[in-house]
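*Asks:* The structure that follows is given in the form of structure tokens.
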Amino acid sequence: MDIKVNTNVQTEATEKRVDGKRIFSKYLIVFILLAMVAGITAVNPRFLAVGNLLNLLTQTSIYGVLALGMLLVIISKGIDLSVGSVLAFAGIVAGSISQVADAPGKLFPGLGQAPLWMTILVALSIGALLGLINGALIAYAKVPAFIATLGMFTAARGGALMFSDGRPVSNVNPEVTIFGTRLFGWLPVPVLIYGGVILLTFVLLRYTSFGKSVFAIGGNMEAAKVSGIKVKRNLTLIYMYSGLLAGLAALIYMGRTGGSVQPAAATGYELTAVAAATIGGASHAGGVGTVWGAVVGALILGVLTNGFTLLGIDAYVQQIVQGIIIVAAVVMDMRKNKTA
């Protein structure tokens, strides 16, 4: 009798340890984020000032939005290297049609100032269109995602330079600055937009058949085909969503820069988006990823940049640390997949 009781107690203790390990493994990035916040605050208490936290969230919003599009791409076992260039091209075109009538160096002198709704429509449409091209090349032409999006990375950047003749587009419709302002004098509009995209992406992945197909395609594409999932169509939609969010990020970018955009805008943002999703637990082996993970991953990068700036640490050191964090996240992901 005593032997059975002892065995049950040992079994329960073992299960608790296993559950504890699972919880720790699942929420490790949250613990890392909290440790970073605590460490930076201990050195510089200004980090937790409300104004600084709002600035941090605002700074995170652009690549946070891009990371949510990248999340779907990585879950489907793909990659999108073009989002930074797509942002720039969408911003250049949308900005050029929205320049005020008397803007110096206006790209289209005979064209009147486009209303805000048209600027929004053009930016989102260009982003979605370029994403559609990426998706079609990958899904229907069987071009590897790395190659297809690398080609778009180059072509879209070249398009932005050609369209603007290498010059920045400025003096855009002042209404565009709404995307970079604060409501009630304190609530950043970019953070509100980011929150809306977080909610939309969560609903798409959790409650729609499209979201289920994203995980199925990344987990086993052949099995997804056999189960009746329209793999080609859904792959195209995944890259369209990533492009659409890049167009939205272009609007936030223009709003934050006071209604201007350069053809070299968002250089390197695609890597930051990949880093945020990867740090957040999205597996490059496919089929694994969460919205909250991508958000925490973006926050870790935001805290790193903001905190190191407050501490006066060189920007080059920030890049080195960011690289180490990315590699560490991938190594942890590989180890989890090996033991799964």
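The values are calculated or read from the model by the stated rules, or taken from the named source; none is laboratory data. Quick caveat: nothing in here was measured; it's all calculated off a predicted structure. All Cβ positions, even for glycine, are placed from backbone atoms using ideal geometry, and neighbour counts span all protein chains on display.
*Asks:* Conditions: (1) part of a helix (DSSP H, G or I); (2) free of Cβ contacts under 8 Å to residues at least 12 places away in the same chain. VAL214 meets all but one. Number of the miss?
*Replies:* (2)
*Asks:* Something else about it: Take segment 122-164 and flag every residue that is crowded, with 19+ Cβ neighbours inside 10 Å and either of a type in the set (Lys, Arg) or touching a strand residue (DSSP E or B) at 6+ places or on another chain (Cβ under 8 Å) (or both).
*Replies:* ARG157
*Asks:* Which of (1) crowded, with 23+ Cβ neighbours inside 10 Å; (2) under 17 Å from the mean Cα position of the chain (by Cα); (3) modelled with pLDDT of 90 or more does VAL261 not meet, given it meets every other one?
*Replies:* (2)
*Asks:* Hey, among VAL330, VAL296, VAL274, which residue is closer than 29 Å to LEU130 by Cα, assigned to a helix (DSSP H, G or I) and touching a Gly at 6+ places or on another chain (Cβ under 6 Å)?
*Replies:* Unique residue meeting the criteria: VAL296.
*Asks:* Given (1) in a helix (DSSP H, G or I); (2) out of contact with any strand residue (DSSP E or B) (no Cβ under 8 Å at 6 or more places or on another chain); (3) buried (at least 19 other Cβ atoms within 10 Å of the Cβ); (4) modelled with pLDDT of 90 or more, identify the lone condition not met by LEU53.
*Replies:* So LEU53 meets the others, but not (3).
*Asks:* Here's something else I'd like to know. Is it the case that segment 306-315 has a residue that's within 18 Å of ILE40 (Cα to Cα), in contact with a Leu (Cβ under 6 Å, 6 or more places away or on another chain) and not aromatic (Phe, Trp, Tyr)?
*Replies:* yes
*Asks:* Condition test on VAL226, is it more than 30 Å from ALA328 (Cα to Cα), surrounded by fewer than 21 Cβ atoms within 10 Å (Cβ to Cβ) and at pLDDT 95 or above?
*Replies:* Against the criterion (more than 30 Å from ALA328 (Cα to Cα), surrounded by fewer than 21 Cβ atoms within 10 Å (Cβ to Cβ) and at pLDDT 95 or above), VAL226 does not qualify.
*Asks:* Something else now. Touching a residue at least 60 places away in the same chain (Cβ under 8 Å), closer than 23 Å to LEU111 by Cα and either in contact with a Pro (Cβ under 8 Å, 6 or more places away or on another chain) or assigned to a helix (DSSP H, G or I) (or both): does that describe GLY243?
*Replies:* No; evaluated as a whole, the condition is false for this residue.
*Asks:* Since VAL83 meets every condition but one in (1) surrounded by 24 or more Cβ atoms within 10 Å (Cβ to Cβ); (2) of a type in the set (A, V, I, L, M); (3) closer than 28 Å to GLY185 by Cα, which condition does it not meet?
*Replies:* (3)
*Asks:* Exactly one of (1) in a helix (DSSP H, G or I); (2) in contact with a helix residue (DSSP H, G or I) (Cβ under 7 Å, 6 or more places away or on another chain); (3) surrounded by fewer than 24 Cβ atoms within 10 Å (Cβ to Cβ); (4) not basic (Lys, Arg) is unmet by GLY95. Its number?
*Replies:* So the condition that GLY95 fails would be (3).
*Asks:* Within the set of pairs 6+ apart or on separate chains, which have a first residue in segment 220-233 that is within 16 Å of ALA141 (Cα to Cα), a second that is at pLDDT 95 or above and among the hydroxyl-bearing types (Ser, Thr, Tyr), and C-beta atoms under 6 Å apart?
*Replies:* If the second residue must be at pLDDT 95 or above and among the hydroxyl-bearing types (Ser, Thr, Tyr), the pairs left are LYS232/TYR140.
*Asks:* Before we move on, is LEU235 surrounded by fewer than 17 Cβ atoms within 10 Å (Cβ to Cβ) and at pLDDT 95 or above?
*Replies:* no
*Asks:* Something else now. If I filter segment 17-29 for residues that are surrounded by 10 or more Cβ atoms within 10 Å (Cβ to Cβ) and either modelled with pLDDT of 90 or more or outside any helix (DSSP H, G or I) (or both), do I get at least one hit?
*Replies:* yes
*Asks:* Take the residues of segment 102-160 that are in a helix (DSSP H, G or I), without any contact (Cβ under 8 Å) to a residue 40 or more places away in the chain and of a type outside the set (Gly, Ala, Ser): which is nearest to GLU270 (Cα to Cα)?
*Replies:* Result: ILE147.
*Asks:* A further question follows. So which residues in segment 122-170 are of a type in the set (Ser, Thr, Tyr) and modelled with pLDDT under 95, if there are any at all?
*Replies:* Correct list: SER164, SER170.
*Asks:* Among the residues that make up segment 64-80, is at least one of them touching a strand residue (DSSP E or B) at 6+ places or on another chain (Cβ under 8 Å), buried (at least 24 other Cβ atoms within 10 Å of the Cβ) and modelled with pLDDT of 95 or more?
*Replies:* No.
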